[in-house]
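Data first, discussion second: the structure below is written as structure tokens.
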Amino acid sequence: NDTNQTANSRFFFAGSNLVPLRLLLCFMKKFEVPNIYRSSLITAIKNKRKQDDKLKKDFSPTLLDLGLVQFYLARHFGFCYGVENAIEISFKAVQENPGKNIYLISQMIHNPRVNSDLESYGVKFIMDTAGNTITPWEKIKKEDIVIIPAFGTTLVIEEKLKAIGVELYKYNTTCPFVERVWKKSEKIGGDNYTIIIHGKHDHEETRATFSRSETHAPSIIIKNMDEAKKLGDFILGKLSIDEYNKLFSNRHSAGFDPLKHFNSVGVINQTTMLATETQAIADHCKNIMIQKYGETSLKEHFADTRDTLCYATNENQEATYALLKSNADIAIVVGGYNSSNTSHLVELCEEKLPTYFISSAEEIVSPNTIKHFNYHKQEHLTTENYLPQTNPANIIITSGASCPDAVVEGVIRKLLSFYQGHKTDEEVTRTLEVGS
């Protein structure tokens, strides 16, 4: 209740976590997102769920009973705060700067339709998602407009743009939940802990986070639990320095000394990683420190960072766990193929059901053929006879945080077109059911 505190420093409880007031205020904002991304059907479903479950405690799916086919929709899916914020700012940049060169540092979000729409308005990309140059830096001038994507960008790129004289932060779409991770890395680095980042080392967000964490402390990136176990073996002396270097030599900050810098550690993450794995990695690192130094001195060697995933990642994953309790035959997950959070939803669904990862309704070729993506092998596949032959057919549908609701509706309608005599929209929205 200290009135001298700023909104940025006040905290409130959200579930079991303390959340800055600034982030809570985010959820109150209404964004101006182009109507082409909205869906009257999905909006009706989401509004009813909000009305019935204002505190978001019910993760059970929504059942669309259409007669010959039943769709189970996740409680949470589609655009999150960070994505809507990025879309609003990007289209605002286009509207406010007619005739100017407008650049995105890289893909604004990982959704092909949204990025393609921005390109149709003349927006150009400076780099691709891997960091390869598309637009030569010498072409960018002081008067040009540069948009920072939702993932943020590295300090090196920021300095390049500042040197050119670009007004860098006018159209900055960096998600506040990504910035929260950056602040966490600054805090634990300042407390002399080595920073372990759970993320994909070639992902834009991880590169942006790493560029900041390494300015505060020795930093290293690990991708999964298998790598966390290898790291733990090295800390305990069970893995040689040569074996360590084969795995991690290109994943840590300059001057990193593995024989010295693992005396104390803290774990942060790319916000779109699998929440259960991040927690397991943190728990494993904690246990390694207990084994090596004893429980009484744990605080000196392990920083309790809590979970740094964003709220949308957590909600979408929890909703997917609940979705998989339904009596479904197949799962369809919609989103960009380079979307990290979407790939983890696919991973969860694959554990229980035949799962098809598609980017739009166009990949549903016919009742007999679907084109989809294997993100494990990074390859496109075609599957025949994918639809269940049950009556009714039971299909799970969810999407990533960067997927427009209009795309999800397109998928539903395409599948629905294969079933004659289904119920109308009005019949569906009047009788929406929750749970299985």
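The values are calculated or read from the model by the stated rules, or taken from the named source; none is laboratory data. This one's a predicted model, so the numbers in the text were calculated from it and none came from an experiment. Cβ atoms come from the backbone with ideal geometry, glycine included; neighbour counts cover every protein chain shown. For the accessible areas, the whole protein counts, side chains as well, though only heavy atoms, and no ligand, DNA or RNA atoms are used. Shrake-Rupley method; radii C 1.70, N 1.55, O 1.52, S 1.80 Å.
Over all distinct alpha-carbon pairs, what is the Kirkwood Rh of the chain in angstrom? Before the final figure, lay out the partial values.
Details: mean 1/r = 0.0429 Å⁻¹.
This gives a value of 23.3 Å.
In whole Hz, with x marking every Gly and Pro, tabulate ³J(HN,Hα) for the range 203-217 from phi via Karplus 6.51 cos²θ - 1.76 cosθ + 1.60, θ = phi - 60°.
Going residue by residue, I get 7, 4, 5, 5, 4, 5, 5, 4, 4, 8, 4, 5, 7, 9, 6 Hz, with x marking Gly and Pro.
So what's the angle, to the nearest 10 degrees on a 0 to 90 scale, between helix 81-96 and the longest Cα principal axis of the chain?
Result, in degrees: 90.
In the range 133-201, which chymotrypsin sites (Phe, Trp or Tyr not before Pro) fall in coil by DSSP and have 15 or fewer other Cβ atoms within 10 Å? Write down the numbers at each step before the final one.
On the way: sites: 137, 151, 169, 171, 177, 182, 193; in loops: 151, 169, 171, 193.
Sites meeting the loop and neighbour criteria: 169.
Over the alpha carbons of the range 213-353, what is the largest minus smallest coordinate on each principal axis, giving the biggest first in Å?
51, 33, 29
Note the full-extension length gain between residue 139 and residue 298 as 0.36 nm times their separation in residues minus their Cα-Cα distance, in nm to one decimal. Before the final figure, lay out each step's value.
Values: separation 159, 0.36 × 159 = 57.24 nm, distance 5.22 nm.
Between residue 139 and residue 298, full extension yields 52.0 nm more.
Applying 1/(1 + (r/R0)^6) with R0 = 35 Å to the Cβ-Cβ distance of residue 186 and residue 40, what FRET efficiency is obtained, to the nearest 0.05?
On the way: r = 44 Å, r/R0 = 1.25.
That pair, residue 186 with residue 40, gives E of 0.20.
Whole-Hz Karplus ³J(HN,Hα) for the range 132-146, in order, using 6.51 cos²θ - 1.76 cosθ + 1.60 and θ = phi - 60°, x for Gly and Pro?
6, 6, 9, 9, x, 4, 5, 7, 7, 10, 4, 7, 6, 9, 10
Taking 8 Å as the Cα distance limit and 6 or more residues as the minimum spacing, I'd like the relative contact order of the chain as a percentage. Before the final figure, lay out the partial values.
Numbers: 776 pairs, mean separation 92.5, N = 436.
It rounds to 21 percent for the chain.
How far, in nm, would the chain grow between residue 132 and residue 226 when pulled straight, counting 0.36 nm per residue and subtracting the alpha carbon separation?
Once the chain is fully extended between residue 132 and residue 226, it gains 31.0 nm.
How high is the FRET efficiency from residue 291 to residue 420, r the C-beta distance, R0 41 Å, rounded to 0.05?
Numbers: r = 63 Å, r/R0 = 1.54.
Using R0 = 41 Å, I get an efficiency of 0.05.
As a test of the formula, what do you get for the chain when each DSSP H run with n ≥ 4 contributes -39,500 (n - 2.57) and the sum is divided by the residue count, at 222 nm and rounded to the nearest 500 deg cm²/dmol?
My calculation for the chain gives -11500 deg cm²/dmol from helical runs alone.
Checking the a/c ratio against 1.5 first, then a/b against b/c, what shape does the Cα gyration tensor give for the range 27-80? Walk me through the numbers on the way to the answer.
On the way: a/c = 2.46, a/b = 1.31, b/c = 1.87.
Oblate is the answer for the range 27-80, as a/c is 1.5 or above yet b/c matches or exceeds a/b.
Once the Cα atoms of helix 176-190 and of the chain are each reduced to a long axis, what angle between those two axes, in degrees from 0 to 90 to the nearest 10, is obtained?
20
So, by mean Cβ neighbours within 10 angstrom, what's the order for 284-293, 110-119 with the highest one leading? Don't jump to the answer; show the numbers that get you there.
On the way: 284-293: 17.5, 110-119: 20.8.
Peptide ranking by packing, descending: 110-119, 284-293.
Taking the Cα atoms only, what angle lies between the long axis of helix 275-293 and the longest principal axis of the chain, rounded to 10 degrees?
20
Karplus couplings for the range 257-263 from phi (6.51 cos²θ - 1.76 cosθ + 1.60, θ = phi - 60°), rounded to Hz, Gly and Pro as x?
Those phi angles translate into 10, x, 7, 10, 8, 9, 5 Hz.
Quote the accessible area belonging to residue 139 in square angstrom, nearest 10, computed with a 1.4 Å probe and with ligands, DNA and RNA left uncounted.
Result for residue 139: roughly 120 Å² accessible.
Between residue 379 and residue 58, what length comes free when the chain is fully extended (0.36 nm per residue of separation minus the Cα-Cα distance, one decimal in nm)?
Details: separation 321, 0.36 × 321 = 115.56 nm, distance 3.57 nm.
That works out to 112.0 nm of additional length.
Could the peptides 349-361, 250-262 be put in order, highest first, of the mean number of other beta-carbon atoms found within 10 Å of their residues?
Answer by packing, highest mean first, reads 349-361, 250-262.
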